[in-house]
Protein chains: 2
Amino acid sequence: MVFATHSQAWGSKVRRSAAAARDKPLLRPWRARNNLFFRGGGEGRKGATIRISTMELPVTDLREGSCGGKGSEAPRERRPPVSVAAVLPAGGSGERLGGCTPKQFCALLGRPLVSYTVRAMERISWISDIVVVVSPENVEVMKSIIKKYGHKRTTVAEGGMTRHRSIFNGLKKIAESHLLSSPLQKPEVVIIHDAVRPFVEEDILFKVVMAAKEHGAAGAICPLVSTVIASSADGCLDHSLDRAKYRASEMPQAFLFDIIHQAYHQCSDYDLDYGTECLHLALKYNKTNAKLIEGPPDLWKVTYKRDLYAADSLIKDNISQQVCVLTNMKEDAVQVGFLLHETLKSHVKLVKAISTSLCKNESHLQNILLGQCYNFICINDNLSNFQETHQLVEILENTNASLLYSVVLISVYLDFFENVSFISAMQRFTKFAKEVEKKNILLYGLSIHYQKDNLKLQETMDSAAALIMALIRDRNPAYVGQLLVA
Amino acid sequence: MVFATHSQAWGSKVRRSAAAARDKPLLRPWRARNNLFFRGGGEGRKGATIRISTMELPVTDLREGSCGGKGSEAPRERRPPVSVAAVLPAGGSGERLGGCTPKQFCALLGRPLVSYTVRAMERISWISDIVVVVSPENVEVMKSIIKKYGHKRTTVAEGGMTRHRSIFNGLKKIAESHLLSSPLQKPEVVIIHDAVRPFVEEDILFKVVMAAKEHGAAGAICPLVSTVIASSADGCLDHSLDRAKYRASEMPQAFLFDIIHQAYHQCSDYDLDYGTECLHLALKYNKTNAKLIEGPPDLWKVTYKRDLYAADSLIKDNISQQVCVLTNMKEDAVQVGFLLHETLKSHVKLVKAISTSLCKNESHLQNILLGQCYNFICINDNLSNFQETHQLVEILENTNASLLYSVVLISVYLDFFENVSFISAMQRFTKFAKEVEKKNILLYGLSIHYQKDNLKLQETMDSAAALIMALIRDRNPAYVGQLLVA
């Protein structure tokens with residue numbers, strides 16, 4: 001069995017040695033299970049072994065972390081001592097985006113934005129129910145999204161004409177669940193979070209829930225980026241606010257359920273039609289001064305087209321942090337695998353190397369998938385069949401690994417074009433790639449010119465790593481089935 | 001001579017006919033000069049001619065529009081009846097970005113952000129001087145940026161410890177220019193604009209300048225995205241502001257030079273050290289209530305890493321709107337060129353087709369370059385030399401076309417792999433591509449399987465167009481010299 005794991009901070013000049021990585025695994029909460037060996041096959045490295053440990057994953061589903069997460073570190077899940085549900089208003093029309101699709105339904109890497117936000121909530125086990133409030137015409141769309149992406153503990157509620165009316169409907173759906181023989185339970189604390197803020201982390205959710213338990217209401221805030229000014233009736237400056245004294249009110253917010261539910265019951269039509277701030281309702285109708293919690297900058301709301309671009313890039317960033325290199329046991333392939341593994345370490349946080357013989361034991365690969373790996377490099381020494389690639393695709397399909405994110409799979413061939421039958425091999429490869437694309441697996445080919453000269457081989461590896469990183473980072477379906485040359 | 005131009009709104013289902021495009025050219029200010037013909041070479045289309053006109057460009061440099069511009073429409077330049085200079089504070093440390101490079105010096109498509117903002121100002125002929133204020137340690141960096149990208153009418157000033165002190169230094173540099181025998185002239189109106197807001201358009205600059213002339217001061221504003229709240233001493237909500245009554249103060253701002261210069265002279269150290277709002281100084285020290293002007297959403301400030309991602313995508317969007325297809329006169333190449341041209345029309349705003357024989361007359365290509373075209377497709381029928389590609393590269397180099405943006409050049413070959421000497425051709429191509437990359441020209445190869453069957457050929461064209469659009473949109477140097485297959 002061949003297995004290696006190695007961690008390095010992106011862009012950091014400090015490289016941990018394999019030994020240090022073993023002694024202080026980055027993924028602290030996981031427990032070392034197996035000590036395995038990577039046998040380098042390169043000249044001068046032949047026979048050298050690097051002893052590295054694999055980790056056992058906690059039972060919680062960590063496949064994703066959050067889409068805006070800090071990489072592969074498993075969160076230490078703290079459970080608030082209260083029952084918690086979440087209401088996600090998703091009824092906006094997306095006017096400011098300038099398109100006709102409301103922003104919460106815009107696709108990022110093929111999946112609607114709202115699904116990312118639902119997933120960010122769903123992966124937190126102490127949130128018992130998630131109610132997504134959408135405009136009546138989008139109820140079926142939302143139900144199909146929940147079904148397609150397998151979201152659990154998630155219910156759809158029909159929204160009203162304004163943001164406040166929609167939130168109120170979500171709260172009513174929870175409060176009246178006993179009348180509707182619904183499985184929803186009235187929680188002690190309810191989180192309110194915009195469907196268009198997909199990068200919410202467990203930490204800030206925990207903090208607002210705990211503060212809501214203590215203060216009745218709580219909300220995330222961020223520093224103001226621009227000065228806020230008031231204008232006079234003639235469109236001139238009346239006064240500007242001291243930026244240091246004010247904050248932007250963001251989401252998530254959390255409330256004792258009864259406080260916010262009663263506030264909505266008591267509030268005026270004017271509030272329901274023109275207000276936007278839930279903390280304001282709790283203050284006005286319940287004399288509850290919400291606790292304000294400094295949030296991270298990733299809480300920002302997807303509002304304009306540029307925000308969709310930013311979200312797209314951040315999601316791609318996040319799922320590009322781990323690569324798994326698979327090799328068979330042939331000498332050349334092992335050497336290329338080893339060198340690629342070493343070269344990629346300066347590009348991504350975590351590179352795992354695994355022998356294809358391990359693939360026969362699906363649980364190993366499953367652990368890698370659970371560890372949020374969406375990028376695989378499969379080194380083949382043989383054009384006639386791409387057995388390893390086929391095998392890996394089958395496992396990825398069986399484990400439903402590409403349900404939420406596309407999986408990038410790069411098939412590496414040594415000296416592809418020197419094979420006499422390369423044209424038919426290329427055609428078969430392209431055909432196969434188009435097939436697996438339907439499963440959200442993006443398959444690309446990469447031919448590496450294998451040379452005995454170590455220096456030249458390293459140059460080729462640098463070029464290969466640059467191509468691999470570009471394919472992984474772009475995740476562009478247009479290049480599926482193409483064969484690049486390093 | 002063969003030339004065609006055709007316009008279509010991105011994503012629009014309405015296709016203008018070539019005749020309509022001729023009658024109502026999209027680029028209104030240009031004057032029709034030549035009537036040329038595109039000879040379709042395809043089966044069934046053989047001999048069909050489309051009569052289309054080329055346009056004469058105005059003298060003003062329109063190569064770029066602005067990086068956030070609305071495509072290729074030439075702005076109708078209005079000149080304010082006052083002299084105008086601009087001060088760009090660029091002294092920030094970029095703390096919020098989380099990196100060590102201050103954001104104004106972060107590279108977008110290889111060029112520092114500040115250069116985009118300088119260019120947005122520089123292309124407006126009625127701004128006579130641009131003063132970029134940078135921290136002392138970045139003066140030489142800024143000077144080298146100005147030299148490298150050939151920025152005109154741009155001077156560097158040394159900044160102070162805070163934003164206000166930096167702006168004041170910029171104003172002093174202008175006011176005291178007569179003492180320093182500097183070529184700067186004190187203007188009637190001065191624009192103040194952040195170096196990290198690269199997407200500023202001529203329209204809003206004109207508006208703030210005109211309003212400053214009338215009111216003494218003016219500034220761009222945008223609606224608030226989040227509610228603004230005030231907190232009490234214990235970190236709880238004190239009150240929230242009615243979002244409808246407040247605005248975010250953005251840039252650009254403009255002032256009668258003497259008003260803002262005097263305000264800075266009079267203002268307190270506290271203002272200079274803790275203030276951020278220039279409009280506030282004009283109000284406090286000159287009783288000038290600035291006119292507030294609703295600005296477009298693109299005025300936003302690059303603050304966080306996500307903003308760099310967004311800016312990168314928006315710039316790429318903008319320079320991907322025009323493609324020029326060059327063909328030689330061989331029948332197969334002409335047919336492929338014609339079909340590609342037609343297929344690409346549903347992907348980009350403007351596709352131009354041009355015969356390579358035209359390349360011999362550089363002025364035609366120069367017109368296309370001036371029309372903000374940064375993307376070229378060159379159709380070759382012959383592997384042994386890539387004469388057309390060489391020729392085009394030479395012209396691009398001679399005209400310095402890739403100074404500000406990388407130029408994408410896609411060399412199309414018919415049935416590349418069926419040529420016996422394809423391996424050596426591929427090597428020569430890759431080597432050539434690496435050479436021209438040094439000139440900021442990104443050269444990619446594309447092999448098209450040429451088939452007589454019209455339906456199959458169209459399928460191939462759809463696949464080719466998808467690859468071409470991906471290469472143009474991504475502008476990824478990692479794929480330079482690769483040969484893709486449609």
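The values are calculated or read from the model by the stated rules, or taken from the named source; none is laboratory data. Because the structure is predicted, anything quoted here is derived from the model rather than measured. Virtual Cβ from ideal backbone geometry, glycine too; neighbours counted across all protein chains shown.
The table that follows gives values for the structure above.
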item: Residue under evaluation B:LEU237, criteria (1) among the aliphatic types (A, V, I, L, M); (2) more than 7 Å from chain A (Cβ to nearest Cβ); (3) over 26 Å from B:VAL302 (Cα atoms), criterion not met; result: (2)
item: Residues of region A:186-215 classified as surrounded by fewer than 22 Cβ atoms within 10 Å (Cβ to Cβ) and small (Gly, Ala, Ser), total; result: 0
item: Test: residue in region B:406-415 that is in the same structural domain as B:GLN335 (by TED's automatic domain parsing), in contact with a helix residue (DSSP H, G or I) (Cβ under 7 Å, 6 or more places away or on another chain) and not in a strand (DSSP E or B); result: no
item: Pick from region A:315-335, criterion touching a helix residue (DSSP H, G or I) at 6+ places or on another chain (Cβ under 7 Å) and among the polar types (S, T, N, Q), ranking: nearest to B:ARG306 (Cα to Cα); result: A:SER320
item: Index of the failed condition, A:THR276 passing every other in (1) touching a residue at least 12 places away in the same chain (Cβ under 8 Å); (2) more than 7 Å from chain B (Cβ to nearest Cβ); (3) surrounded by fewer than 19 Cβ atoms within 10 Å (Cβ to Cβ); (4) not aliphatic (A, V, I, L, M); result: (2)
item: Region A:440-486 - residue that is away from chain B (no Cβ under 12 Å) and among the polar types (S, T, N, Q) and, of those, farthest from A:GLU342 (Cα to Cα); result: A:ASN440
item: Residues of region B:205-234 satisfying the condition of being in contact with a helix residue (DSSP H, G or I) (Cβ under 7 Å, 6 or more places away or on another chain) and either under 19 Å from B:LYS301 (Cβ atoms) or away from every other protein chain (no Cβ under 11 Å) (or both); result: B:ALA218, B:GLY219, B:ALA220, B:CYS222, B:LEU224
item: Search result, residues across region A:296-306 that are in a helix (DSSP H, G or I) and facing another protein chain (nearest Cβ under 7 Å); result: A:PRO297, A:ARG306
item: Matching option when the condition is touching a residue at least 12 places away in the same chain (Cβ under 8 Å), of a type in the set (Gly, Ala, Ser), part of a helix (DSSP H, G or I) and more than 8 Å from chain A (Cβ to nearest Cβ), among B:ALA263, B:ALA311; result: B:ALA263
item: From A:SER424, A:SER463, A:SER447, residue being without any contact (Cβ under 8 Å) to a residue 60 or more places away in the chain, over 27 Å from the mean Cα position of the chain (by Cα) and in a strand (DSSP E or B); result: A:SER447
item: So A:LYS172, is it out of contact with any Ser or Thr (no Cβ under 6 Å at 6 or more places or on another chain), of a type in the set (Lys, Arg) and closer than 25 Å to A:CYS267 by Cα; result: yes
item: Residues (within 12 Å of A:LYS152 (Cα to Cα) and among the charged types (D, E, K, R)) located in region A:111-138; result: A:ARG119, A:GLU122, A:ARG123, A:ASP129
item: Top-ranked residue in region A:285-295 [being outside any helix (DSSP H, G or I) and among the polar types (S, T, N, Q); ranked as farthest from B:ASP234 (Cα to Cα)]; result: A:THR288
item: Out of A:ALA248, A:ALA290, A:ALA254, sole residue that is more than 7 Å from chain B (Cβ to nearest Cβ), crowded, with 22+ Cβ neighbours inside 10 Å and hydrophobic (A, V, I, L, M, F, W, C); result: A:ALA254
item: Criterion violated by A:VAL302 - all others in (1) assigned by TED's automatic domain parsing to the domain that holds A:TYR413; (2) under 26 Å from A:LYS103 (Cβ atoms) satisfied; result: (1)
item: Any hit, region B:231-252, residues being of a type in the set (Ser, Thr, Tyr), under 30 Å from A:HIS164 (Cα atoms) and free of Cβ contacts under 8 Å to residues at least 12 places away in the same chain; result: yes
item: Residue check for A:LEU281: buried (at least 19 other Cβ atoms within 10 Å of the Cβ), within 9 Å of chain B (Cβ to nearest Cβ) and not charged (D, E, K, R); result: no
item: Selection from region B:106-126 of residues that are basic (Lys, Arg) and in a strand (DSSP E or B); result: B:ARG111
item: Condition broken by A:SER177, with the remaining ones in (1) modelled with pLDDT under 95; (2) of a type in the set (Gly, Ala, Ser); (3) more than 21 Å from A:ASP258 (Cα to Cα) satisfied; result: (3)
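To keep it simple, each residue is scored yes or no on (1) of a type in the set (Val, Ile, Thr); (2) buried (at least 17 other Cβ atoms within 10 Å of the Cβ); (3) at pLDDT 95 or above.
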site	(1), (2), (3)
B:ALA401	no, yes, no
B:TYR405	no, yes, yes
B:LEU409	no, yes, yes
B:PHE416	no, yes, no
B:MET426	no, yes, no
B:GLU435	no, no, yes
B:LEU442	no, yes, yes
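Residues are listed down the side, and each one gets a yes or a no for (1) among the hydrophobic types (A, V, I, L, M, F, W, C); (2) farther than 18 Å from B:ARG119 by Cβ:
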site	(1), (2)
B:TYR304	no, yes
B:ASP312	no, no
B:THR327	no, yes
B:ALA333	yes, yes
B:GLY337	no, yes
B:GLU342	no, yes
B:LYS352	no, yes
B:LEU369	yes, no
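For every residue, the table says whether it meets (1) in the same structural domain as B:SER128 (by TED's automatic domain parsing); (2) at pLDDT below 95; (3) in contact with a Phe, Trp or Tyr (Cβ under 6 Å, 6 or more places away or on another chain).
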residue: B:ALA254; (1), (2), (3): yes, no, no
residue: B:ILE259; (1), (2), (3): yes, no, no
residue: B:GLY275; (1), (2), (3): yes, yes, no
residue: B:LEU281; (1), (2), (3): yes, no, no
residue: B:LEU292; (1), (2), (3): yes, no, no
residue: B:ASP298; (1), (2), (3): yes, yes, yes
residue: B:ALA310; (1), (2), (3): yes, no, yes
residue: B:ALA333; (1), (2), (3): no, yes, no
residue: B:PHE338; (1), (2), (3): no, yes, no
